[in-house]
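The values are calculated or read from the model by the stated rules, or taken from the named source; none is laboratory data. Since the structure is predicted, the reported quantities are computational estimates derived from the model, not experimental observations. Backbone-built Cβ (ideal geometry, glycine too); neighbour counts: all protein chains shown. We work out accessible area using only protein heavy atoms, side chains counted, and drop any ligands, DNA or RNA first. Shrake-Rupley method; radii C 1.70, N 1.55, O 1.52, S 1.80 Å.
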Amino acid sequence: MSMFNSSMFDTIKDALSKETSGSRSSGISDILRFEKGNTFTVRLLPNIQDPGKTFFHYFVHGWESFATGQYISFTSPTTFDERDPIGEYRYKMYKTGSPAEKEKSRSIIRSEKWLVNALVIDDPLNPDNNNKVKVVRFGKQLHKIIMDAISGEDSDQFGSRVFDLSSNGCNLRIRCDDQGGFPTYVASKFLMPSEIANVDADSTYESTTDLTKVFTIKSYDELLQGLNEHYHVNDEISSTSDVQSSTPAPA
């Protein structure tokens, strides 16, 4: 008998509705990579030990470094209801910055992301990932599709089946298309129930990653240093006072 049950699914739905996130941690995980023009197929996996942590909801700042030209990103401490110097600086520029400062601050993009474990059914870029447990990172487009299947307008058809590894379970087909040079996932969808060959459900469920340990979370001072180095290029802010005096940005 599968370790996954309806009680666990109810806990997952409740956690999603509350947008809960995990504790502050650090670590590394194997995240499934998507590229435009490809279609990936996965079966979502619950956190058997703590169903409320099946999804990890977080915020991230990203921009092209003014020092190196490379894209950089930082997980926002607002994920854990803590102060965020990058968010605070953006808010201060929005309220009191000069036109040039406001324009430059728009280069910092704050985005909302989620993580979930999944069994890879088909990875066209790396077939070696097939039948392995990976972490799927996604934004608002896939989040809406997943939420609709779990507790929204498609829940009667899918519901707990999206986490079921039996022949009653439903795969998620993730289409990564190109839209104006940017990836779009709006054509993704859950498929009809299908069997997964040669899968041990219990061992697969137990192979999931602790999503609260995927990213290394930097301290306030470390984030301030990153802001100085890659945004101000160390020539505009030399202490925390300029940022700390501003009003924190809302989470």
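A few comments on the model shown:
- Of all residues in the stretch 59-83, those being touching a residue at least 40 places away in the same chain (Cβ under 8 Å), open to solvent by 70 Å² or more (accessible area, probe 1.4 Å) and in contact with a strand residue (DSSP E or B) (Cβ under 7 Å, 6 or more places away or on another chain) number 1.
- Options 30, 50; residue that is open to solvent by 20 Å² or more (accessible area, probe 1.4 Å), touching a residue at least 40 places away in the same chain (Cβ under 8 Å) and within 22 Å of residue 213 (Cβ to Cβ): 30
- Tally of residues being touching a residue at least 12 places away in the same chain (Cβ under 8 Å) and assigned to a loop (DSSP other than H, G, I, E, B) across the stretch 88-147: 9
- Restricting attention to the stretch 225-251 and to residues that are at pLDDT 90 or above and out of contact with any helix residue (DSSP H, G or I) (no Cβ under 7 Å at 6 or more places or on another chain), the residue that is surrounded by the fewest Cβ atoms within 10 Å (Cβ to Cβ) turns out to be 233.
- Residue count, the stretch 148-187 (criterion: free of Cβ contacts under 8 Å to residues at least 60 places away in the same chain, among the acidic types (Asp, Glu) and not in a loop (DSSP other than H, G, I, E, B)): 1
- Complete set of residues in the stretch 146-191 that are aromatic (Phe, Trp, Tyr) and surrounded by fewer than 13 Cβ atoms within 10 Å (Cβ to Cβ): 182
- Among the candidates 222, 195, residue that is more than 30 Å from residue 131 (Cα to Cα) and either touching a residue at least 40 places away in the same chain (Cβ under 8 Å) or open to solvent by 40 Å² or more (accessible area, probe 1.4 Å) (or both): 222
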